[in-house]
Amino acid sequence: MALSLARSLPLARNFGAVSLVARGVWVGGRRWMSSTQSSLSDIEPSELQIRETPQPKKIPSLDTLKFGHTFTDHMLTVPWTQSAGWGTPEIIPYGPLSLDPSSTVLHYAQCLFEGMKAYRDVNGRVTLFRPELNMARMNRSAQRIALPTFNGEAFLELIKQLIRLDKEWIPQEKGHSLYIRPVLIGTQNTIGISPPDSALLYVICSPVGPYYPDGFKPVALHGTTEFVRATPGGTGAYKIGANYAPGVYPQKQAAQLGYVQNLWLYGPEHYLTEVGTMNLFVVFKRDDGSLELVTPPLDGMILPGVTRDSVLSLARSHASGELRLPGLTSNLVVSERSVTMKDVREAAQAGRLVEMFGTGTAAIISPVDKIGYEGQDVTIPVEADGMGPVSRAVWTELVGRQTGAIPSDWSVVVVE
Ligand SMILES: *Cc1c(COP(=O)(O)O)cnc(C)c1O
């Protein structure tokens, strides 16, 4: 339907914003609008040019790895212009970009990114975890800030090529992985603010160790009421650069008060939204003895995390009996609903608060043991291993699927 509508608008390419949208938007891994601009090229993996580095770097030893500080030998770039569409993809030695100081990314934050990981599984294969969700989300972010969209499947093919070339950088050790950072920036040289007429898509990779090398360490959160991360109608649901710089100062303030991260609250009700740059889950014990796993709904203020979706999906399958997560009660209810600080505080006082945790690609699951809120600390139970009954069961299944110990179609093979 979208296609025939677009076809009935032959002039679509003349309307800047419309043509950007019409280039093909990927949602849930499927293209729901295909390109109406046959004169413009989409990303073409078969045109990939590879220039290998003449000086491969020494791969650093694992214990010196600090999260996100070390980069592999190569990077992937794909340029875009409004007149020609997506250009020749290249894999080149990792190194500085050359950008004109008037490039719009540098003053108006025309920038978005993704975060995903390549794992070396127990069989020595290299895999990605549900990468089609990252491609879909990246296109939604691009559309939101009027940067060009692209064929997610084609781009993923190029990312796989980059991973294959730098696969020696993927640590073999348990809990290690290769963090993959796709970025899209507006590169038009102008002071004006409009959809850019040129852009650059690129990918860099960083070998990373386990987020919690010495076992889970629960974090203390500062219930932030002075600042908000996102608002209704805003951009919180998109992984765009502009959302992140404003969170650094509140994080610094939370740290000064002795907390690790912000618990972002919203509105006079102090709705819980996210934790730092992670999604948030709370577990309540209900009167009938069941456990309720709750996360805020995707109402435009919540970033639709791949890990969030995976946790919900596993917990729902467990609750329906379709899947057994060992050690977890089957008396489980899974809800996407709003939660206020009042709900959390009352549950804690009544002994009905079971656990709270953040989810995201970097840490997978991050347990919370305390919330500083309105001058007092709300204490959240954690068990001896630093986790709780739901997070432990879900984490075990997730990591099993990521490492290939538990076969699943969420794991996409890059290197056999
Ligand atoms: C990236 C991100 C997440 C987590 O998303 P994943 O796909 O699970 O890594 C959650 N919240 C924010 C604000 C994020 O930027």
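Could you tell me what percent of the DSSP beta bridges with both partners in the chain are antiparallel, to the nearest 5? If you can, show how the numbers build up before the last one.
Numbers: 64 of 80 bridges.
Beta bridges within the chain, antiparallel portion: roughly 80 percent.
Taking 7 Å along the Cα-to-C-beta vector as the label spot, tell me the residue 317-residue 217 distance in nanometres, rounded to one decimal.
About 3.2 nm separates the two model spin labels.
Using only helices, what value at 222 nm comes out for the chain when you add -39,500 (n - 2.57) per DSSP H run of length 4 or more and divide by the total residues, to the nearest 500 deg cm²/dmol?
-6500 deg cm²/dmol
Nearest 5 is fine: what % of DSSP beta bridges in the range 219-404 come out antiparallel, could you say?
Details: 24 of 37 bridges.
Of those bridges, close to 65 percent are antiparallel.
I want the antiparallel fraction of DSSP beta bridges within the range 40-102, as a percent rounded to 5.
Working: 6 of 9 bridges.
The antiparallel proportion sits near 65 percent.
Mind sorting 194, 103, 46 by how few other Cβ atoms lie within 10 Å of their own Cβ, fewest first? The partial results should precede the final answer.
On the way: 194 14, 103 21, 46 7.
In increasing order of surrounding Cβ atoms, one gets 46, 194, 103.
Kindly write out, for the range 388-393 in residue order, the coupling ³J(HN,Hα) from the Karplus curve 6.51 cos²θ - 1.76 cosθ + 1.60 (θ = phi - 60°), rounded to whole Hz, with x marking Gly and Pro.
x, x, 7, 4, 4, 5
Simple spin-label model, 7 Å along Cα-to-Cβ: residue 340 to residue 67 in nm?
It works out to 3.2 nm between the two label points.
Which cross-chain or sequence-distant (5 or more) residues have an amide H under 5 Å from the amide H of residue 74, H modelled 1.01 Å from N in plane?
Distant-sequence amide H within range of residue 74: 94.
For the pair residue 51 and residue 194, what calculated FRET efficiency results from E = 1/(1 + (r/R0)^6), where r is the Cβ-Cβ distance and R0 = 45 Å, to the nearest 0.05? Mind dumping the intermediate values first?
Working: r = 33 Å, r/R0 = 0.74.
After rounding, the FRET efficiency stands at 0.85.
Starting at the first residue of the range 55-65, write each ³J(HN,Hα) from the Karplus equation 6.51 cos²θ - 1.76 cosθ + 1.60 with θ = phi - 60°, in whole Hz, x for Gly and Pro.
10, x, 6, 7, 6, x, 6, 4, 6, 8, 5
Would you work out the charge dipole size for the chain about its Cα centre, treating the Cβ of every Lys and Arg as +1 and the Cβ of every Asp and Glu as -1, and quote it to the nearest 20 debye?
Details: 37 positive and 39 negative charges, 72 e Å.
Roughly 340 debye, rounded to the nearest 20.
Under the Karplus relation 6.51 cos²θ - 1.76 cosθ + 1.60, θ = phi - 60°, what is the ordered set of whole-Hz ³J(HN,Hα) values for the range 156-165, x standing for Gly and Pro?
In residue order, the calculated couplings are 4, 4, 5, 4, 4, 4, 5, 4, 4, 5 Hz.
Which FRET efficiency, nearest 0.05, do residue 245 and residue 299 yield, Cβ-Cβ r, R0 22 Å?
Working: r = 23 Å, r/R0 = 1.06.
With a Förster radius of 22 Å, E is 0.40.
Pick out, in residue order, every one of the trypsin sites (Lys or Arg not before Pro) in the range 167-267 that is DSSP loop and has at most 13 other C-beta atoms within 10 Å; say none if there are none. Intermediate values should be presented prior to the final figure.
Values: sites: 167, 174, 229, 239, 252; in loops: 174, 229, 239.
Hits after loop and neighbour filter: 174.
For residue 121, enumerate residues with amide H under 5 Å from its amide H, sequence gap 5+ or separate chain, H modeled in the peptide plane.
Under 5 Å from the amide H of residue 121: 126, 127.
Tell me, what is the percent relative contact order of the chain, built from C-alpha pairs under 8 Å that lie six or more residues apart? It would help to have the intermediate numbers written out before the result.
Details: 878 pairs, mean separation 68.8, N = 416.
RCO, the chain: 17 percent.
When 1/r is averaged over all different Cα pairs and the result inverted, which Kirkwood radius in Å belongs to the chain?
Details: mean 1/r = 0.0440 Å⁻¹.
It works out to 22.7 Å.
Between residue 58 and residue 362, what's the calculated FRET efficiency when r is the beta-carbon distance and R0 is 22 Å? Round to 0.05. It would help to have the intermediate numbers written out before the result.
Values: r = 25 Å, r/R0 = 1.13.
Efficiency, rounded to the nearest 0.05: 0.30.
If I model a spin label at residue 329 and residue 113 as a point 7 Å from the Cα along the Cα→Cβ vector, what separation in nanometres do I get?
4.0 nm
Could you tell me which of 72, 93, 151 has its Cα farthest along the dipole of the chain towards the positive end, charges placed at Cβ (Lys, Arg +1; Asp, Glu -1), taken about the Cα centre?
Sorting the options by dipole projection puts first 151.
Got a sec? How would 107, 176 order by Cβ neighbour count within 10 Å, fewest to most?
Listed from fewest to most nearby Cβ atoms, that is 107, 176.
Please state the shape class of the range 13-210: rounded when a/c is under 1.5, otherwise prolate if a/b exceeds b/c and oblate if not, all from the C-alpha gyration tensor.
Values: a/c = 2.02, a/b = 1.61, b/c = 1.25.
It comes out prolate by the Cα gyration axes.
Read-outs throughout are calculated quantities, based only on the coordinates presented, and are distinct from any laboratory measurement. All values reported here derive from a predicted model rather than from experimental measurement. Every residue, glycine as well, gets a Cβ built from its backbone with ideal geometry; the counts of neighbours run over all protein chains shown.
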